[in-house]
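Please treat every number below as a calculation from the coordinates, not as lab data. These numbers come from a predicted model, not from an experiment. Neighbour counts run over all protein chains shown; Cβ positions are idealised from the backbone, glycine included.
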Amino acid sequence: MGDTLLTVRGLTINIPVGGGTLHAVRGIDFDVDRGETLCIVGESGSGKSLTSLALMGLLGGRIDRRATEMQFDGIDLTRANARTMRALRGDRMSMIFQEPMTSLNPAYTIGDQLTEALLLHRDVGREAARARAVELLEKVGITAAASRLGQYPHQLSGGLRQRVMIAMALMCEPELIIADEPTTALDVTIQAQILRLLVDLGREMNMAMILITHDLGVVARVADKVAVMYAGELVETGSASEVFNAPMHPYTRGLLRCIPQPGKTERGARLGTIPGIVPSLVGGVTGCPFRTRCDQVVDACRQAIPRRNPGSGNHEFRCVHETGHRMAEESPA
Amino acid sequence: MSDVNKDAPVLELRGVTKTYSVKQGLFGAPKPLTAVNDVTLTLGRGEVLGLVGESGCGKSTLAKILLGLEAPTQGEVLVDGERIDATDRRRLARRIQPIFQDPYSSLNPRKSIEDIVSLPLLVHNVGDAASRTKAVREILDIVGLPARVMQTYPSQMSGGQRQRVAIARALIMKPEIVICDEPTSALDVSVQSQILNLLGDLRSEFGLTYLFISHDLAVIEHLATRVAVMYLGRIVEEADVAGLFDQSRHPYTQALLKSVLTPDPGMGVPDTELGMEYPNPIAPPPGCHFHPRCPAAMDRCKIIAPLPIPTPDGHVECHLFDGDGPEPVRSIS
């Protein structure tokens, strides 16, 4: 730990839409150390998937991505050309997508798809590549691995397909894996197995991971570091225990009240809610993006929002209130 | 639960079995697939029966049978003691209504919200145009939507609002039973809690009975009064919510409960000990269908299918509870 693999400063993503610009991600900062797992948690439209695509250089040409700094192991990703990115993708950084059915090619065998990246990036023969594929399929818990190489994606169940996706992402022993909702489409039992597998393999290979999810349970169990994303901004960051045991931002606290927690939430009791909807990010966005839904809102929320450190480690949140709570003398906006 | 009247079941399933004929390949002979296997269930008025199980276990087939969309191969379904037939769908639809998972595909995009919600009234020839409009306005108010949405279209609404529309449509005929098939799985956390609260409120206000299908056990624990656990077409355990979550009996139930990821940092990802993939329902394992994945499997589990064993608050199908403890009931050599 302490050995920084990825540094992101001021990442901004703007999408031209009819009638203006959608400011989907606005100046986010984060670091990932080698072997560390960062979970980015947020609801749909918060910009978490765009962030992962931006890191991989997979945003469409129309989309404007800028950053004051974006370094992967000393390589400046803001200046990297298509060739440099191609050399990195699938080799030193790779991605696991949510839908294993749509992200595997139905017309090619599992074996072809597994060996593609290795044959492209490394100087290995077909036989060696297939041997590596079998080794990894076994590692992700697939039985009769050798016979799977000739099969097509439709012949596998959802859980098996997701394991194939993981094996594929691991073929070149990447230093960073970005997993975008890797278990959302799966049964809870399979979800637990796949997450365990990712955590164990990450540890074994000293792989860093960015896990993108909306599931707070997954985050709590897997993350070293957590970044809570809302409407294109990171509203709270910190270690998993800091964010879950002492949530500071009103949005983080609100989210945790929304989910029924076995053993803590009374059965049948009303759950907490966050009223309202996510604001439009088209046109100018000023002040706190959460203020329209926040129960702690005051007039100052319309202005620039300071970052605050509640006093422990790297825990940080963005709020006008020092404690995330409105003071008694302040009047609601 | 005090508001539950167990003496007069509103819904009863007696030995319901549904077998499909599945073709294997182009020239293969069709094979039987038993999606629902001898299911007997009773729902009291005002109860919420949570139905859990992995994908492919027959949950949705059971829901279709209850909605009259599929006829059971064997057994019968009784509503208020009266046998229902799939041929009398219109009468059945007045009493049982569904809410589906995906509010994006379950609403007709070309109809206005008023048309969508009033359609059941039109189909059943209830009232004139003016009274139907009035009924729509009332039910929209009940589900928390302003009357002005009546002239809008589904594409103009958020996911949570669409699910409210789907709930309004289900309730406008004042049904007794609502089949909720993963009603919040497609929604964001903050919206999910609003919909769960709404479903809870409606239940107490209208004395509704829910069959609540979900893969999220935390949601089931929160909302259900009784829980049925399904595996390969059979209800392997049924109990009151407290009994099931506090003292589960069946090893499969225990594995499901283990795989719930509560938002507790530092606990890691649990090992469910469910080694294998979900079995192929066309060729279910002999004996107890669960034995190949069961951490407590004994010799007789591989040969003899367990029978339902009554428990104080339900039943369990497992040889561990045959009465003689973990030793075989009779010699099988």
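Looking at chain A only, what percent of DSSP beta bridges run antiparallel? Nearest 5 please.
Bridges in chain A that DSSP calls antiparallel: roughly 60 percent.
Show me, for segment B:35-41, the HN-Hα J-couplings you get by feeding each phi into the Karplus relation (A = 6.51, B = -1.76, C = 1.60, θ = phi - 60°), rounded to Hz, glycine and proline as x.
7, 10, 10, 6, 8, 10, 9
Calculate the mean, over all residues of peptide A:268-281, of how many other protein chain Cβ atoms lie within 10 angstrom of the residue's Cβ.
The mean count of partner-chain Cβ atoms within 10 Å per residue comes to 4.
Please check: in the Gaussian network model of chain B (C-alpha springs, under 10 Å), which one of B:Thr61, B:Thr262, B:Thr209 has the largest mean-square fluctuation.
B:Thr262
With +1 assigned to the C-beta of every Lys and Arg and -1 to the C-beta of every Asp and Glu, and no other charges, what is the dipole magnitude of segment B:5-321 about the Cα centre in debye, to the nearest 20?
Once rounded to the nearest 20, the dipole reads 1040 debye.
For a quick check: with amide H placed at 1.01 Å from N, whose amide H comes under 5 Å from A:Ile178's, ignoring anything fewer than 5 positions away on the same chain?
Distant-sequence amide H within range of A:Ile178: A:Ser94, A:Met95, A:Ile96, A:Ile210.
Among B:Val77, A:Ile259, B:Ala228, which residue has its Cα furthest toward the positive end of the charge dipole of the protein assembly as shown, with +1 on Lys/Arg Cβ and -1 on Asp/Glu Cβ?
B:Val77
Over segment B:5-321, calculate the relative contact order: mean separation of alpha carbon pairs under 8 Å at least 6 apart, over the residue count, as a percent.
On the way: 573 pairs, mean separation 61.7, N = 317.
Computed over segment B:5-321, the figure is 19 percent.
Partner chain Cβ atoms within 10 Å, averaged over the residues of A:140-146 - can you pull that number for me? Write down the numbers at each step before the final one.
Values: counts 0, 3, 1, 3, 0, 0, 0.
Counting Cβ atoms of other protein chains within 10 Å of each residue's Cβ and averaging gives 1.
Through the Karplus equation 6.51 cos²θ - 1.76 cosθ + 1.60, θ set to phi - 60°, convert the phi angles of segment A:260-275 into ³J(HN,Hα) values in whole Hz; use x for Gly and Pro.
With coefficients 6.51, -1.76 and 1.60, one gets x, 10, x, x, 10, 7, 5, 4, x, 6, 5, 8, x, 9, 10, x Hz.
Sort out for me the Cα centre separation of segment A:187-248 from segment B:247-275, rounded to whole Å.
The distance from the Cα centre of segment A:187-248 to that of segment B:247-275 comes to 18 Å.
Averaged over its residues, how many other protein chain Cβ atoms are within 10 Å of peptide B:253-263's Cβ atoms?
Per residue, the number of nearby Cβ atoms from other chains is 6 on average.
Pick out, from A:Pro289, B:Ile303, B:Met157, the residue whose Cα sits farthest towards the positive end of the charge dipole of the protein assembly as shown, with +1 on the Cβ of Lys and Arg and -1 on the Cβ of Asp and Glu.
In the protein assembly as shown, that residue is B:Met157.
Estimate the FRET efficiency between A:Arg34 and B:Thr311 by the formula 1/(1 + (r/R0)^6), using the beta-carbon distance for r and 56 Å for R0, to the nearest 0.05.
0.60
How would you rank B:Asp240, B:Asp38, going from fewest to most other Cβ atoms within 10 Å of each one's own Cβ?
With the fewest neighbours first, B:Asp240, B:Asp38 line up as B:Asp38, B:Asp240.
Taking Cα centroids, how far is segment A:253-299 from segment B:136-195 in Å?
20 Å
Report, in cubic angstrom per residue, the convex hull volume of the C-alpha atoms of chain B.
Per-residue hull volume (Cα only) is 172 Å³.
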